Every structure is written in C-alpha cells, then in structure tokens.
1. Name the residues whose placed amide hydrogens come within less than 5 Å of the amide hydrogen of Y288, ignoring near sequence neighbours (fewer than 5 apart) on the same chain.
2. Amide H of N265 versus every other amide H placed in the peptide plane: which residues, excluding those fewer than 5 positions away on the same chain, fall under 5 Å?
3. Does the stretch 170-292 classify as rounded, prolate or oblate by the C-alpha gyration tensor (a ≥ b ≥ c root eigenvalues; a/c under 1.5 gives rounded; else a/b over b/c gives prolate, otherwise oblate)?
4. Name the residue from G243, V56, L289 whose Cα lies farthest towards the positive end of the charge dipole of the chain, charges +1 on Cβ of Lys and Arg and -1 on Cβ of Asp and Glu.
5. So which of K219/K282; K86/K334; K192/K345; K219/K359; K195/K282 end up more than 31 Å apart by C-alpha?
6. Within the set of other residues whose C-beta is less than 15 Å from the C-beta of L140, count the net charge using Lys and Arg as +1 and Asp and Glu as -1.
7. Considering only the other residues whose Cβ falls under 12 Å of the Cβ of F190, what net charge follows from Lys and Arg at +1 and Asp and Glu at -1?
8. Using a 1.4 angstrom probe on the protein heavy atoms only, could you order R72, R281, R145 from most to least accessible area?
Amino acid sequence: MAKRLLAVLLAGVMTLSLAACGGAGGAAPAQEAAPAAAAADAAAGAAGGDLSSKKVGVCIYQFSDNFMTLFRTELESYLISLGFAKENITIQDGANDQGTQSNQIDAFIADGVDVLIINPVNSSSAATITDKVVGAGIPLVYINREPDADEEKRWADNDWNVTYVGCDARQSGTMQGEIIGDLGLDALDFNKNGKVDYIMIEGDPENVDAQYRTEFSVKALTDAGFEVNCLTDQVGNWDQAQGQQLVANALSQYGNDIEVVFCNNDAMALGALQAIEAAGRKVGTDIYLVGVDALTEVVEDVIAGSITGTVFNDHVSQSHSAADAAANYLKGTKNEHYIGCDYVKVTTENAQAILDSLK
Ligand code: GAL
C-alpha cells in the first residue's frame with residue numbers, strides 16, 4: 001500500500017510543488033521520503049531480530065483527533081513491519097492534557113523504554129520533555145507538533161539524539177489559498193464587492209500548524225492580487241463539533257456575505273459542511289470550503305463537489321519517517337534534527353487518485 005501511495009503522491013508533488021514554491025519554507029522534498037522508507041525496509045531486514053526486544057513508548061496528544069488516529073495506526077503497523085514486537089509498543093492517550101502526558105512520559109522512563117515518540121500536548125513543553133528524556137539517556141522523536149527553533153537548536157548544539165518529524169504548515173496554508181485563488185474572482189465574489197469575503201476556523205492556537213495555515217492561506221490570496229475581507233476568525237480546536245457550531249453561528253450572522261470558509265483541518269471542514277448544508281447553502285454554487293488532512297470522507301466530498309478541496313497531510317510518510325528515525329537511533333545511527341515531508345493539494349482533478357492510493 002505504502003509504495004503505491006508514494007508513487008501516486010510523488011507524481012502529484014512534482015507537479016504541484018511548482019505551483020506552491022512560495023510557501024514551501026523549510027520543508028524537505030517529499031522525494032526523500034520514498035528512498036527513506038525503502039531503505040528502512042532493507043535496513044530492517046539487515047537488522048534481523050535486533051529491534052524485536054526494543055520497547056517503544058508513543059505519546060499521542062489526544063486519541064480522539066481524527067488525523068492523529070490515522071497517524072498512530074500507521075505508525076504502529078509500520079513499526080511492526082520494521083521488526084518491533086507489537087507487545088513492546090505502548091501508545092498512550094494524553095487526553096489533550098500536558099500534565100497527563102508528562103506523567104505518561106515519567107512512567108515510560110521508569111519502565112525503561114528504549115525510545116520515545118512524542119506528539120506533545122503543548123509544543124511549549126518540549127524543552128522540559130527533552131531535558132527529562134535526554135537525561136534518562138533515551139532517544140526521542142517528536143512528531144506532528146513542532147517545538148520552536150530555540151528548542152531544535154539545542155538538539156543540534158548538544159548533538160542529542162532528538163529529532164522532529166513533520167511537514168511545514170506554511171505549505172498547507174499556501175495550498176489552501178491557491179485552491180481558492182485558482183477559482184478566480186468572478187467565481188468567488190458572489191456579493192460583487194470586489195473582495196474575497198471569508199471566515200477562518202482555526203485549530204489549537206498554540207500550535208504552529210494553526211498559526212501558519214491561518215496566515216498563509218490568506219497570504220496566498222493577497223499574493224495573487226486578491227483583496228480579502230475577514231468576517232470572523234474563530235478557534236475550533238481541530239474538532240468537528242466545534243467547527244459545525246462556529247460556522248453555523250457565522251452563517252447566521254453574516255449570511256450570504258460568506259464566500260469562503262477556510263478550516264485549518266478536515267475534521268472542522270466536515271463540521272462546516274454540516275452547518276453549510278443546514279443553512280441551505282451549497283458548496284461550489286454559493287460558497288466554497290477548504291480543509292487540510294485529506295481524511296477519506298473529505299476526499300470523497302471533494303470528488304462529490306461538496307467540499308472544494310483539501311491538502312493531503314501525509315501521515316504515511318510522517319509515521320514511517322518517525323519509525324525509521326527511532327530504529328536508526330536504536331541501531332546507533334544519527335538522524336537529521338528535522339525530517340520533513342511535502343503536503344499535496346487535493347482538488348477534483350486528483351482526488352480519486354489520492355483516495356485510491358489511501359485504500
Ligand atoms: C495537524 C492536523 C490536524 C490535527 C493537528 C493536531 O497537523 O492537520 O488535523 O491533527 O495536527 O496537532
């Protein structure tokens with residue numbers, strides 16, 4: 001499955017990265033992900049039963065998060081394919097509470113895990129987490145929620161076995177803005193005020209993914225010469241129910257003036273779609289809607305035309321890179337301190353191919 005997915009995505013990335021060059025920032029090219037995964041397959045074979053006795057502790061910020069559910073499921077199965085034993089992989093739910101997660105990390109350390117993979121509840125707690133884990137002599141792979149630049153610099157300066165695996169959220173925001181911008185002002189400007197009137201539904205505001213998607217989606221529009229008008233900007237914490245409520249409120253307040261609904265992720269876009277349909281509006285006819293992640297349901301909606309587009313947040317590449325990095329540390333091999341991947345724009349043009357590759 002992974003090979004087919006990568007083949008489809010590489011084809012997409014090669015075309016799409018041309019259009020997304022402004023927002024790609026520090027993201028490493030996705031092309032690197034394929035050889036990395038293939039090399040890991042080979043390395044796993046070479047390592048023999050070496051990893052089967054190693055204990056892996058995984059901390060996820062919140063199990064109920066749709067995207068992180070895809071991520072952790074793929075992470076576990078790929079760790080097993082590398083040679084780790086299922087019974088030696090423990091995945092904990094931080095329940096969106098840093099105190100809970102910190103206790104889980106303490107317990108993993110006391111239990112003598114060989115490597116930790118951590119999706120922090122608060123990225124701002126990374127320095128404390130790193131000190132604790134490095135102090136215990138355990139290699140550490142952060143995923144999904146990127147610690148700040150000062151924290152990442154400490155890993156390099158001290159040559160610690162600590163890395164971050166993730167995508168550059170600026171790229172995903174840029175792609176959202178481009179999906180909307182590509183429609184052109186004539187299609188977007190239902191109320192004919194010469195502007196793109198939008199609402200923004202944000203994820204957790206502490207998170208750079210939310211900050212960058214919010215900023216760069218709009219920047220892509222203004223960079224393309226559009227005038228924009230933000231009607232409201234609300235925090236929906238990555239959550240479908242909150243997204244639905246916020247968009248329902250916005251629709252009753254701003255009505256037909258809302259031309260575009262930007263959601264920082266797909267779960268909230270699904271909530272937004274429920275609110276849009278309940279208000280008697282129709283995506284593609286009198287309003288547009290974009291998300292990020294490429295959840296299966298959303299890709300199906302893109303094919304059906306009920307969601308304008310999304311951006312594939314490659315949980316396959318990210319989870320494989322995280323597992324590969326953990327395995328490398330255990331074999332005494334260093335990793336880069338930042339391991340990136342590319343997002344992929346999803347519109348009606350490639351949605352079916354993306355969906356097929358995800359199955
Ligand atoms: C983002 C993802 C969101 C949510 C968030 C959690 O990358 O797009 O859906 O999972 O991570 O930090």
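1. When sequence neighbours closer than 5 places are left aside, the close amide H contacts are V260, V261.
2. Amide H neighbours of N265: V292.
3. In terms of gyration-tensor shape, oblate.
4. Value: V56.
5. Table pairs above 31 Å Cα-Cα are K219/K359.
6. -3
7. -2
8. Numbers: R72 50, R281 25, R145 5 Å².
Output order, biggest surface exposure first: R72, R281, R145.
The values are calculated or read from the model by the stated rules, or taken from the named source; none is laboratory data. Everything numeric here is computed off the predicted structure, so don't read it as measured data. Heads up, the Cβs are rebuilt from the backbone with ideal geometry, glycines too, and the neighbour counts pull from every protein chain shown. Heads up: the accessible areas ignore ligands, DNA and RNA and are worked out on the full protein's heavy atoms, side chains in. Shrake-Rupley method; radii C 1.70, N 1.55, O 1.52, S 1.80 Å.
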